[in-house]
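Encoded as structure tokens, the structure appears first; notes follow it.
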Amino acid sequence: MIERSLNRRSVLRLGAAGAGAIVASRYVAIPAWAQVPPLEEKDTYTVGFAQVGSNNPWRLGESKSMQDEAARLGYTLVETNANEDTAKQIADLDSLIAQGVDILIFPPRESQAIAPSVLKAKAAGIPVILIDRDVDHSIAKPGEDYITFIGSDFVDQGRRAAEWLVEATGGEAKIIQLEGTTGSDPAIDRQKGFEDYLAGTFQGTPTAAGAHPGMEIIASQTGDFQRDLGREVMQTLLQAHPDVTAVYAHNDEMAIGAIAALQEAGRTPGEDVILVSIDGSNAALDAIVDGTLGASVESSPFFGPIAFETMAKYIAGEDIPDWVKVEDRFFDESNAAEFQGEQF
Ligand code: GYE
């Protein structure tokens, strides 16, 4: 298709060279970027990387992975930091689009709120690869508005956490759920996978294990994926729900905050309260080895190599699936010691 073989610059060049009214009118008639804008082959690229924040090891691990891979390839990485503020990420993306970066590779902090920024990039002729978090597909579609989403299966992460917790508690638990950032793709899907599994269904299909009526979620509140907030929320919820026997945290940082809150309240995490979380960070592996955390489903932040490899495939004109799925391991007392210090 013609849109695919021209990029924004070649269109501009045609215009600037005064290629004539006929050529110009030919392009005016084409709807603006019916497909994801193409990316031409060049020696080097300027890549816009709009990071969500920098206040936890997962984010730092992801940023370093992107920086290392860009440096290895000799590309320029223009990095912004939204400091866990969605409005700031929207402004950061506006400014990267205005700078005319060649491509945007980034994690959208919230699934609906950031989707219009993906459409703005497309309208400006800048292709987008989403890493680690996705946007709402009813607003922006992979393969049409952006190249692809590269990341984990968050629904399945939630299911795996639930399955482990059922085993570990014998199917009887009063659970506090610490949710991730409200409106973020991983928080929405990790909640869904966990709750559906306990209800005896998974992605619309009844599970072989059936429902688990003894697994009761007694409270569920956001801790915004942050350690301090996880601790504060747990302190408050513990007062209202002293009968809690299990915690499901949408990430390790909040689980570690919750462990501190439980200990301060004289509880014994790992014994009278069983915890499970997601990420597989070094701190989580240490907590598994010392017995305070039960298990952690991996969610890798190391997107640099796969992101730039996907970008290279796009430049080469290869077909890219709508979702480049990252496979996750599972850490519990059987294997955590083997991986201590190797994560982030
Ligand atoms: O689990 C969490 C981080 O978007 C998958 O965000 C990521 C999540 C990750 O802050 O620790």
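Annotations
- Qualifying residues in region 155-164 (those that are under 16 Å from the mean Cα position of the chain (by Cα) and open to solvent by less than 10 Å² (accessible area, probe 1.4 Å)) - the one nearest to the ligand (Cβ to nearest atom): Q157
- Scanning region 207-243 for residues that are within 16 Å of the ligand (Cβ to nearest atom) and of a type in the set (A, V, I, L, M, F, W, C) gives F225, L229, V233.
- Residue count for region 255-289, restricted to those that are of a type in the set (D, E) and free of Cβ contacts under 8 Å to residues at least 24 places away in the same chain: 1.
- Residue within region 182-196 that is surrounded by fewer than 15 Cβ atoms within 10 Å (Cβ to Cβ) and either out of contact with any Phe, Trp or Tyr (no Cβ under 9 Å at 6 or more places or on another chain) or without any contact (Cβ under 8 Å) to a residue 24 or more places away in the chain (or both) present: yes
- Condition met for E167 (within 25 Å of A265 (Cβ to Cβ), assigned to a helix (DSSP H, G or I) and open to solvent by 10 Å² or more (accessible area, probe 1.4 Å)): no
- Taken over region 100-132, the criterion of being of a type in the set (K, R) and touching a residue at least 60 places away in the same chain (Cβ under 8 Å) is satisfied by R109, K122.
- Every pair of residues 6+ apart whose Cβ atoms lie under 9 Å, when the first sits in region 52-68 and is near the ligand (Cβ under 10 Å from one of its atoms) while the second is of a type in the set (K, R): V52/R59; V52/R109; V52/R133; G53/R59; G53/R109; N55/R227; N56/R227
The values are calculated or read from the model by the stated rules, or taken from the named source; none is laboratory data. If you're wondering where the values come from, they're calculated on a predicted model, not measured in any experiment. Please note: Cβ atoms are built from the backbone with ideal geometry, for glycine as well, and neighbour counts cover all protein chains shown. Ligands, DNA and RNA are stripped out before the accessible areas are found, and what is left, the full protein with its side chains, is counted by its heavy atoms. Shrake-Rupley method; radii C 1.70, N 1.55, O 1.52, S 1.80 Å.
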